[in-house]
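A short worksheet on the structure shown next.
Every number in this text was worked out from the coordinates using simple rules, so none of it is lab data. Just so it is clear, the structure is predicted and the values come from calculations on it, not from any experiment. With ideal geometry, Cβ positions are generated from the backbone for all residues, glycine too; neighbour counts draw on all protein chains shown.
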Amino acid sequence: MKFNALVIALFSISSLAMLSSCEKEVEVLVDSSKPQGTFTATKNGTFVDQNTKGSKGAASLGTDEQGIQFLKFGSDFSTTFATGTVTVYLSTSSTFVPDAGNGNPNLRLIGAVSVAGENFYKLTPAAADKFTHVILWCGSASIPFGFAPLQ
């Protein structure tokens, strides 16, 4: 009887520990698809560094041979990855101006970047038409790491 009580007590404690150590994770899906066939850029820009984070390289908006829209970072892209990732936005200006109350009409969250070099982001149809800039944003520090004007 004492053995059964001890087993139940240990099971209860270990179950409680497992439940208390787990937190609900929020999953952000980033479509890592690559363009099919040739990628044709319609807008190009070069990153301007902000807050001495070393942001540099090319950014392009364009389509693949199937007409799917992509944001592309060139092989020369780099920035500081102090927290592991930097958030990528399309914007109507070089300044990160959230307007959550109105659905952020001048910002479009694209995803996170965690490695230097070439990166592709598959976009929803006509997602990029009104946007003129790519912004690299560090949410944990609430500062921009850079922007690329697209022309």
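If I take the Cα coordinates of the stretch 40-149 and project them onto the principal axes, what are the three extents in Å, biggest first?
38, 36, 20
What is the order of I143, I68, fewest Cβ neighbours within 10 Å to most? Let's see the in-between values first.
Numbers: I143 13, I68 17.
Arranged by neighbour count, lowest to highest, I143, I68 become I143, I68.
Return the long-range amide H neighbours of I143 (sequence gap of 5 or more, or a different chain), with a cut-off of under 5 Å between placed amide H atoms.
Counting only residues 5 or more places away or on other chains, the set is C138.
What list of ³J(HN,Hα) couplings, whole Hz, do you get for the stretch 82-99 from phi and the Karplus terms 6.51, -1.76, 1.60, once you set θ to phi - 60° and write x for glycine and proline?
Once θ is set to phi - 60°, the couplings for the stretch 82-99 become 4, 9, x, 9, 10, 7, 10, 10, 9, 9, 8, 8, 7, 10, 6, 10, x, 9 Hz.
Taking θ as phi - 60°, what are the ³J(HN,Hα) couplings along the stretch 51-58 by the Karplus curve (6.51, -1.76, 1.60), each to the nearest whole Hz, with x for Gly and Pro?
My calculation for the stretch 51-58 gives 6, 6, 9, x, 5, 7, x, 9 Hz in order.
Give me the extension gain from V115 to D49: residue separation times 0.36 nm, minus the current Cα-Cα distance, reported in nm with one decimal. Before the final figure, lay out each step's value.
On the way: separation 66, 0.36 × 66 = 23.76 nm, distance 1.66 nm.
Result: 22.1 nm gained on full extension.
So which of K43/K122; K34/K56; K43/K72 end up more than 18 Å apart by C-alpha? Walk me through the numbers on the way to the answer.
Numbers: K43/K122 15 Å; K34/K56 22 Å; K43/K72 10 Å.
As for pairs spanning more than 18 Å Cα to Cα, those are K34/K56.
What is the calculated FRET efficiency for F39 to T95, with r their C-beta to C-beta distance and R₀ = 30 Å, to the nearest 0.05? Spell out each step's value before the answer.
Numbers: r = 28 Å, r/R0 = 0.94.
E between F39 and T95, to the nearest 0.05, is 0.60.
Fewest to most neighbouring Cβ within 10 Å: what's the order for S94, S75? Write out the running numbers ahead of the final one.
On the way: S94 16, S75 12.
By the 10 Å Cβ count, ascending: S75, S94.
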